[in-house]
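Visitor: If you scroll down you'll find the structure; I have some questions about it.
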Amino acid sequence: MQPTMKQALFLKSYFFFVLLWICTFSIAQTPAPDLDSITEDSYRRMLERQEAEKNEIVYPIFKAPSYNSTLETYSVADVPSPRGEGIMGYVSDPKDIIDFAAEQRINKLLYELEKKSSVEVAVVMLPSIGQEVPKNFAVALFEKWGIGKADTDNGLLILTVMDQRRTEFEVGYGLEGILTDVVCYRIGVNEIVPRFKEGDFGGGIESAVLRVKEFLENPEAIDEVYGYSVVHEEQEFEWHWYYLLPLIYPLLCIIFGFWYYGQAFDIQRSKDDYYDKYHRLDKLKFGCTQYLFPLPMLFFARMAKRRLEHYRNAPRFSKRNGKPMKLVNHYDEIDYLAEAQLLEEELKSVLYDVWITEDASDIMFLEYEGPNGRKYADCKECSYKTFGKTSSLVLVAATYDNGGTRIDTYECRNCNYKEEKEIAIPQKSRPSESSSGSSFSSSSSSSSSSFGGGSSGGGGAGVSW
Ligand SMILES: [Zn+2]
C-alpha cells in the first residue's frame with residue numbers, strides 16, 4: 001500500500017471512531033442524582049411523614065459510650081464505638097461537640113433509618129486526630145467498626161475532625177450507587193459547611209443526616225440498598241436532535257453505499273471503453289465522503305481499486321484495424337514516450353500506458369493520474385504536468401498578534417518556467433488554558449464488631465469548613 005493510501009485509511013477509521021464516540025457519548029449522558037431537584041414540597045411531605053411515623057415507633061433508650069475525657073488526640077483504637085454492651089446509639093462524641101438534645105434527635109433519625117432500610121450510619125465527632133489524614137482515618141475506623149450489614153455493605157460514617165475543620169463521608173459498597181461522591185459532597189457543602197461555620201455542629205450533622213435519610217428512604221433507593229434492580233424512570237426524558245444521530249448515520253452510510261455501488265454498476269454496464277470507464281470510476285473516489293462514511297467507503301474503495309486495475313489492464317484492440325494490442329513493458333516505454341513525458345512519469349504526476357499492435361501498425365498512449373498528480377499542475381509554457389512547488393520562504397513569521405507572509409516558488413521541472421506567489425500566514429492561536437478539578441476518594445476493605453460488619457467502598461467525600 002502506498003503511504004497516502006495508508007494515511008487515508010487511518011484518517012477514515014479515525015473519523016469513524018470520533019463520530020461513533022460522539023454518538024455514544026450523547027446517549028450515555030444521563031444526569032446524576034441532584035440535590036437541587038428535591039423540591040421544598042417533597043421535603044415538607046417527608047417531614048410530615050416522619051412526624052407520623054414517630055408516633056408509631058418505640059425508640060430504645062439511647063445510651064452513649066463512656067468517654068476518656070482526658071484525651072485530646074484520638075487514634076482509631078481510641079474512638080469509643082456507639083454500639084456494644086449497654087450502649088445504644090449512632091453518635092460517638094467524646095467532647096460533647098453536639099448538644100444532648102440534637103444528639104437525641106440524630107439518634108432517633110438514624111434509628112428510624114435503620115429500622116426502615118437496615119442502613120447503618122455512625123456519626124463521629126473528634127477534637128483531633130493529630131497529623132492523620134481524615135479520609136484515611138475514616139476508612140480505618142469504618143473497617144474497624146464494620147459499619148453496615150455484612151451482606152449488603154450498607155454503612156455510612158460521618159467523621160468530623162475539629163482541629164482540621166474537616167468532615168468526611170465514608171460510604172459502604174452497598175450505598176455507593178445512591179450516596180455517590182457527588183451526593184456526599186453536595187450534602188457536605190449544603191448542610192454541613194454553612195452550619196459548622198456558625199458553630200452549629202449539632203444542627204449541621206442533623207440536617208446532613210436528614211438529607212441522607214431522605215435519599216435512602218425514597219422507595220427506589222431502598223430497593224437499591226437491598227440489592228433489587230432499580231429502574232430510574234422518573235427522570236424526565238429530554239429530547240435532543242442528536243439522539244437521532246446513531247440512527248441517521250448508519251442510514252446515511254447505507255444510502256451512500258448504495259449510491260456508490262449503483263454508480264460503479266452503471267459504469268461497469270455502460271458501453272464506454274475501458275479507458276473512459278477507468279476515469280469515471282476514478283473520479284468517484286474523491287471528495288469528503290470517504291471521511292464522512294469510512295465504513296461503506298472502505299468496502300467501496302477496495303472494490304473500486306480492483307475494478308480500476310481491471311479497466312486499466314483489460315485487453316485492448318486497435319480502433320483503426322481491430323487488431324489485438326499489448327501493453328508495452330514499463331522499461332520499454334522509453335522508446336515511445338517523449339522526454340517530458342518520461343519526466344512526468346519520474347515525478348509520478350502522470351503515468352502512461354503504451355499499447356501497441358503486434359505489427360506496430362497502431363500505437364495508443366493512455367494517460368493516468370499518478371500518485372503525485374495533485375502536487376503538480378500543467379505548465380503554462382510547455383503544458384506538461386511538471387509545474388510544482390520548489391521552495392517556501394517565510395518573510396514575516398506569524399505571531400499570536402499578527403499574521404505573516406511567505407513566498408512560495410513554483411517551477412516547471414521540464415522548461416524551468418518560474419512563478420512566485422506571496423501567501424499570507426494566518427495569525428497563531430493561543431493555546432487554551434486548562435483547569436483541574438478537585439478529588440474525593442481512595443479505597444479500603446472490611447472487619448466486624450457490634451455494627452453489622454459491612455465494609456467501606458472507599459467512596460464518599462469530604463468537605464472542609
Ligand atoms: Zn514547462
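The numbers here are math on the coordinates, done by the rules we state, and not lab data. Predicted, not measured: the structure shown is a model, and the values here were computed from it. Every residue, glycine among them, receives a Cβ derived from its backbone with ideal geometry; neighbour counts consider all protein chains shown.
Visitor: Going by C-beta contacts inside 10 Å, put 58, 328, 76 in order with the fewest on the left.
Guide: Ordered by Cβ neighbours within 10 Å, fewest first: 58, 76, 328.
Visitor: If amide H atoms are built 1.01 Å from N in the plane of the peptide, which residues on other chains or at least 5 residues away come under 5 Å of the amide H of residue 99?
Guide: When sequence neighbours closer than 5 places are left aside, the close amide H contacts are 202.
Visitor: HN-Hα J couplings of region 147-156 from phi, Karplus 6.51/-1.76/1.60, θ = phi - 60°, integer Hz, Gly and Pro as x?
Guide: 6, x, 5, 4, 7, 10, 6, 9, x, 9
Visitor: Going by a ≥ b ≥ c, the root eigenvalues of the Cα gyration tensor, does region 78-206 fall in the rounded group (a/c under 1.5), the prolate group (a/b larger than b/c) or the oblate group?
Guide: The shape class here is rounded.
Visitor: Continuing with the same structure: Going by average Cβ neighbours within 10 Å, how do the peptides 172-180, 265-273, 243-251 rank, with the highest at the top? Numbers along the way, then the final one.
Guide: Working: 172-180: 23.4, 265-273: 11.9, 243-251: 14.0.
Listed from highest to lowest mean packing, they are 172-180, 243-251, 265-273.
Visitor: Right, here's the next one. Explain nothing, just compute: Karplus ³J(HN,Hα) = 6.51 cos²θ - 1.76 cosθ + 1.60, θ = phi - 60°, for every residue of region 172-177 in order, whole Hz, x for Gly and Pro.
Guide: x, 3, x, 9, 4, x
Visitor: For region 70-79, what does the Karplus curve 6.51 cos²θ - 1.76 cosθ + 1.60, with θ = phi - 60°, yield as ³J(HN,Hα) per residue in whole Hz, taken in order and with x for Gly and Pro?
Guide: Result, rounded to whole Hz: 7, 5, 10, 10, 10, 9, 4, 5, 6, 6.
Visitor: Ok, one more. Arranged from highest to lowest average of other beta-carbon atoms within 10 Å per residue, in what order do the peptides 416-427, 133-144, 150-161, 332-343 appear?
Guide: 150-161, 133-144, 332-343, 416-427
Visitor: Which far-off residues, 5 or more places away or on another chain, put their amide H under 5 Å from the one on residue 462, with H placed in the peptide plane?
Guide: 169
Visitor: Something else about it: Which of the aspartates and glutamates could be linked to residue 63 by a straight reach, that is with a Cα gap under 19 Å, when you skip same-chain ones fewer than 8 residues away?
Guide: Cα-Cα hits under 19 Å: 78, 85, 93, 96, 99, 103, 112, 114, 120, 206.
Visitor: From the cross-link list 116/197; 271/323; 323/348; 283/418, which pairs have alpha carbons spaced over 27 Å apart?
Guide: Beyond 27 Å between Cα atoms: 116/197; 323/348; 283/418.
Visitor: Now a separate question. Normalised by the number of residues in region 321-385, what is the relative contact order in percent for Cα pairs under 8 Å and 6+ residues apart?
Guide: For region 321-385, the relative contact order is 31 percent.
Visitor: Could you order the peptides 204-217, 397-410, 371-384 from most to least packed, using the average number of other C-beta atoms within 10 Å per residue?
Guide: Averaged packing, sorted descending, gives the order 204-217, 371-384, 397-410.
Visitor: Could you state the number of Å between the C-alpha centres of region 146-194 and region 114-142?
Guide: Centre-to-centre (Cα) distance: 8 Å.
Visitor: Can you give me the C-alpha center-to-center distance between region 243-317 and region 367-410, rounded to a whole angstrom?
Guide: A separation of 30 Å, based on Cα centres.
Visitor: Please enumerate, by chain and number, the lysines with C-alpha under 16 Å from the C-alpha of residue 115, excluding those fewer than 8 residues away in the same chain.
Guide: By straight Cα distance, residue 115 reaches 54, 149, 213.
Visitor: Check which residues have an amide H placed less than 5 Å from residue 122's amide H, if you skip close sequence neighbours.
Guide: 156, 157, 158
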